[in-house]
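Some notes on the structure that comes next.
The values are calculated or read from the model by the stated rules, or taken from the named source; none is laboratory data. Bear in mind the structure is a predicted one, so any value in this text is a computation, not a measurement. All Cβ positions, glycine included, derive from the backbone under ideal geometry; neighbour counts span all protein chains shown.
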Amino acid sequence: MSKAMFGRRLVDGFTMSIVTALSLLLLLYVSYGDSKRTYEQLHIEKMIANGLIVQTSVEKFLRDGLPLRQYAGFATLAGPMVEGEDLDVIAIYDQAGRQVFRIVDKTALHLPDPPALIKTIKQDIEIEYGQKYYQLVIPLRTRFETVGSLLLVTPTDIVTKRIRTVFHPLLYMALGLSAVFAVLPSAHWSRSISTACKARPRPRQSRCHNA
């Protein structure tokens, strides 16, 4: 096999590795987007579940005819939720958007201002998708009216970090497979050339006889 043929095989192997890498990276990109949306939804559902626990307790207090500012169990109930990494802030605001209670994760920095949703409280749970934070607003009602809102704040990068933890090994695996596709064809054709050269018959040497 000629050197030109070997060179073409090397180019083919390199091309195969590039195509493989691009295909795997595209697949990872699509999977990353789908996984991020799915995990984001799961994370928000977890926020809602925590919020509903606090809402149920507060509304039970309100429906006994007691004012929102006299609710005494907020720190005990919401404190452990903020101690984890999922939530940075849990707060309660009155109907005019004034802060009544607030618990903040001590490690949280540069927290966002409360959303305008706390001043225009609706009947349903609402969420504001910010660039750095999700802000969830849950209405608080008495038997007759809405008297305030519950705000839960969580950083968006918690979703990104957990997804990257899963996808980083897959990225390295994809690059490794691409390298394998580049090396194997070259090694195969190199062995083929070596075998062909060994199998090629050597020309017979003529012997000269003196008369």
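Do any residues in region 149-163 that are surrounded by fewer than 17 Cβ atoms within 10 Å (Cβ to Cβ) have Cβ atoms under 7 Å from those of residues that are in a strand (DSSP E or B), where the two are at least six apart or on different chains, and which pairs are they?
The qualifying pairs are THR156/TYR133; THR156/TYR134.
Do any strands (runs of 3 or more DSSP E) lying entirely in region 59-149 carry at least 3 residues that are at pLDDT below 90, among the hydroxyl-bearing types (Ser, Thr, Tyr) and more than 29 Å from the chain's Cα centre (by Cα), and which ones are they?
Per the criteria, no element qualifies.
Given the structure, is GLY73 within 19 Å of LYS132 (Cβ to Cβ) and without any contact (Cβ under 8 Å) to a residue 60 or more places away in the chain? Step through it out loud before you land on a result.
Values: within 19 Å of LYS132 (Cβ to Cβ): no; without any contact (Cβ under 8 Å) to a residue 60 or more places away in the chain: yes.
It is false that GLY73 is within 19 Å of LYS132 (Cβ to Cβ) and without any contact (Cβ under 8 Å) to a residue 60 or more places away in the chain.
I'd like to know if region 8-26 contains one or more residues that are closer than 25 Å to LEU136 by Cα and modelled with pLDDT under 95. Quick ask: steps written out before the conclusion?
Going residue by residue through region 8-26, those that are closer than 25 Å to LEU136 by Cα are none.
No, every residue in region 8-26 fails to be closer than 25 Å to LEU136 by Cα and modelled with pLDDT under 95.
State yes or no: is GLY84 surrounded by fewer than 18 Cβ atoms within 10 Å (Cβ to Cβ), in contact with a Lys or Arg (Cβ under 8 Å, 6 or more places away or on another chain) and small (Gly, Ala, Ser)?
Judged against the criteria, GLY84 is not a match.
Collect the residues in region 41-70 that are crowded, with 16+ Cβ neighbours inside 10 Å and in contact with a Ser or Thr (Cβ under 8 Å, 6 or more places away or on another chain), keeping them in residue-number order.
HIS43, MET47, GLU59, LEU62
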